[in-house]
Structures are given as C-alpha cells and as structure tokens.
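Below is one structure, written out as structure tokens; the observations come after it.
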Amino acid sequence: MAETVSFNPTWFSIPGSSISAALSKGEIGLQEFSIHVGLSLDDAIKLLDGVLPITEDLAEKLEVSVGGTSQYWLNRQSRYEALLDECAKKISDDDGRAWLSQLPINEMRKMGWVASGGDKLSECLKFFETGSIEAWQEKYETQLKAVSFRASSTHEVDQYSTIAWLRRGHQLAEKIQCKPWDVGKFSSTLSEIKKLTRIKQPSIFLSQLVSLCAECGVAVVIQRAPKGTRASGATMFTNPSKALILLSMRYLSDDQFWFTFFHEAGHLVLHDKNALFIEDDSDVTQAEEAEADEFSFDTLIPHGYQEKLHEIELSKYEIVRFANACSVSPGIIVGQLQHMGRIRHNQLNWLKRRYRWNEM
C-alpha cells in the first residue's frame with residue numbers, strides 16, 4: 001500500500017525571483033527592464049517583489065525581454081498563487097491575527113511593500129517569502145535576536161517593524177547590480193565617497209554613492225522605516241559576495257546621514273561578515289559599535305585635525321573654514337561639536353543641511 005505524504009511547504013519563491021535571475025544572467029539593469037516591459041520604475045520593482053502579478057500582457061513582454069515563453073511565466077504565476085493560497089489556509093485564524101497584529105501592515109501598504117487590496121495574511125507571507133509563521137520565525141530568528149538585544153531600558157524597539165524594514169532593504173538590495181565584495185577596494189573608495197559629503201542635493205550625491213559602492217560589492221539602500229523602528233542604519237551580507245548598507249534617513253540631516261553611513265562602512269571593513277549590525281539610539285553598547293563610531297570619526301575628521309575640534313572658535317566663519325580643511329560639510333563639524341559637548345544640540349543647526357524625502 002502506498003504511503004501518503006502530505007505536502008507542507010514552509011517557503012516559496014515569488015515569480016519575481018525568476019525574473020531577477022534572468023535579469024542578472026542577461027546583465028539587464030532595472031531601468032532598462034522597466035522600459036522593455038512598459039512599466040514605471042516603481043511598478044517594475046513591484047513586479048519583482050510579487051506585489052504586481054504577471055498578466056498575459058506582461059508575460060508576452062517578459063518572453064521578449066528576458067526569455068522563457070509567455071506560458072511559462074503565466075504558469076509560474078498561477079502555481080505560485082496556488083501555493084501561497086494553500087500556505088495561508090493552513091494557518092489558523094487566531095495565529096494569523098496574532099502575527100498580523102504585530103506587523104506594521106498599514107505602513108507596509110502605504111509604502112507599497114505589499115498590495116493594498118490583497119488578503120493581509122497572504123500578502124505578508126509573500127513579502128517575507130515564507131510559507132508559515134513557524135517558518136518565518138525560523139527564517140528570521142537571527143534578526144529577531146539581534147533586534148531584541150538592541151532593546152534597552154530607555155528605548156523600546158518594535159521588533160516586527162524593524163524586521164519588516166530589514167526585509168525591505170534586502171529586497172531592494174537584490175535589485176542593485178554589484179561587483180563581488182572587495183574590502184580593499186571599498187576601503188580605498190571611502191576617500192572618494194567622503195567628497196560627496198559636500199554636495200547639497202541628495203538627488204545628486206545618492207546616485208553617485210550607490211554607484212561607487214556597487215563597484216565594491218556593496219548595495220546601498222535608502223528606505224524610510226516604519227514607526228517603532230529606531231534604526232538609522234544597518235549592515236549585513238545578503239550573500240557571501242554582496243554586502244548591504246541600509247539607511248533610514250531617520251534624522252534627514254547631513255551630519256547624521258554621513259556619520260551613520262561611515263559607521264556602517266566601518267562594520268564592513270572591520271567586523272564579521274556573518275553578523276547583523278543595527279545602528280539605533282539604544283544604550284546597549286558593544287565593542288564593535290564603539291569601533292565603528294571611531295572608524296566613522298577618523299574617516300570624516302583626519303587625525304591631524306581631531307584635537308583642533310576642541311579649540312576652534314565657535315563662529316560660522318571658523319566652522320566653515322575648518323570643514324573645508326577636513327573636506328566635509330559644515331553640518332558634519334557642527335554635529336561633532338554637539339556630540340562632544342562644546343555646543344548644545346539646539347545650537348548652530350542652521351549650518352546643517354536638511355533633506356526631504358521628495359529630494360531622494
């Protein structure tokens with residue numbers, strides 16, 4: 001008598017993963033792909049993320065642009081939807097509600113991470129690419145522990161919002177074509193990246209930052225974080241040859257943004273590739289965090305100028321002149337003066353550059 005084996009999938013791959021693999025193989029960039037399939041850049045990203053389904057029209061365009069028959073792509077979509085539906089039905093209503101109640105669903109929908117009109121449970125399983133809540137906990141166990149560790153007596157951290165933000169960063173990093181990770185090249189490129197601190201417009205310096213880092217095997221992602229996520233930055237490796245620096249632009253000021261970037265860069269240069277580092281305002285400290293802070297400070301303020309921070313006259317003219325000597329923006333100098341206690345945190349902030357999300 002044949003034994004019946006039940007099929008209990010715990011993970012699945014969205015159709016967009018197959019498209020991404022084809023794009024990578026063909027060395028087709030996201031912008032070029034969006035033109036080929038007649039989608040805006042945002043909609044092309046949603047297609048790769050599984051938020052936008054493969055229709056008959058899109059299947060035909062995929063056949064021409066990335067290969068495979070249109071029927072293959074339609075079958076890929078239908079099989080995926082059937083599997084997703086099967087996985088969602090296996091989760092009890094109580095377990096589903098409990099899990100969803102902890103996720104920032106409304107913000108995820110507002111930011112386009114999940115479809116606004118779809119079933120919440122299915123959309124979240126899709127977003128995390130997992131087939132059950134248990135599989136989700138297992139898949140994100142390391143990240144959950146890391147976020148939990150960052151919680152402190154003075155700052156409450158929303159674990160689930162932070163995990164969702166990290167997942168979104170991982171998704172967007174997959175869409176950035178990078179050369180293999182090269183720590184030597186990255187280290188030597190930081191001096192070139194430092195020059196970008198003097199550019200005022202994010203629309204100009206961010207594209208250059210992403211390009212310079214991609215040449216070294218680092219995907220830089222700027223992604224606003226959901227409420228409850230205190231992180232300003234995070235660093236991890238998405239695979240052995242690709243690193244991710246995820247920045248939330250939490251404070252929307254040049255001093256915070258650039259110090260955080262070089263802090264995260266310090267983790268990549270100095271520390272374990274298998275670790276996840278999250279930069280927040282918690283009072284939890286680690287040796288690695290202190291080392292990354294020192295790395296960022298040393299990169300922004302040359303050794304020969306560090307002592308002079310204790311002596312410079314606290315005037316616009318002297319701060320601007322000192323910033324020019326250090327090859328950074330005046331706002332970065334103001335941030336350091338505030339951090340070391342020479343001025344209060346509400347002083348000289350007009351020398352900092354403020355960013356807006358519509359400038360990104």
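You can think of it this way: the chain between residue 138 and residue 102 has 11.3 nm of extra reach, that is 0.36 nm per residue less the Cα-Cα gap. Going from the fewest other Cβ atoms within 10 Å to the most, the residues 57, 95 appear in the order 57, 95. The packing ranking, built from the mean of other Cβ atoms within 10 Å per residue, places the peptides 258-269, 25-36 in the order 258-269, 25-36, highest first. With a/c under 1.5 counting as rounded, go ahead and sort the range 190-266 into rounded, prolate or oblate using the C-alpha gyration tensor (a ≥ b ≥ c being the square roots of the eigenvalues; past the cut-off, prolate if a/b is larger than b/c, else oblate). Oblate. Listed by chain and number, the aspartates and glutamates whose C-alpha is less than 18 Å from the C-alpha of residue 179, apart from same-chain residues fewer than 8 away, are 27, 192, 215. Within straight-line reach of residue 200, meaning a Cα separation under 19 Å, sit the following lysines at least 8 residues removed in sequence or on another chain: 316, 352.
Across the cross-link table entries 25/46; 61/273; 195/273, which are compared at the Cα atoms, the separations over 29 Å belong to 61/273. Partners of residue 89 within straight-line reach, counting aspartates and glutamates whose Cα lies under 20 Å from its Cα and excluding those fewer than 8 residues away in the same chain: 81, 119, 123, 129, 134, 138. Using the Cα gyration tensor of the range 146-359, with a ≥ b ≥ c the square roots of its eigenvalues, what is the shape: rounded (a/c below 1.5), prolate (a/b larger than b/c) or oblate (neither)? Prolate is the answer for the range 146-359, as a/c is 1.5 or above and a/b outweighs b/c. When 165, 99 are arranged by Cβ crowding within 10 Å, least crowded first, meaning fewest neighbours, the order is 99, 165.
Each DSSP beta bridge with both residues in the range 146-359 is either parallel or antiparallel, and the antiparallel ones are about 65%.
The residue list 52, 38, 338 was ranked by how far each Cα lies along the charge dipole of the chain toward its positive end, using unit charges on Cβ atoms, and 338 comes out on top.
DSSP beta bridges confined to the chain are antiparallel in about 65 percent of cases. Seen through its C-alpha gyration tensor, with square-root eigenvalues sorted a ≥ b ≥ c, the range 165-235 comes out oblate because a/c lies at 1.5 or above while a/b is not bigger than b/c.
Each reported figure results from applying straightforward, stated rules to the coordinates on display, with no laboratory input. Just so it is clear, the model here is predicted, and its values are computed rather than measured. Using ideal geometry, Cβ is built from the backbone for each residue, glycine included, and neighbour counts are taken over all protein chains shown.
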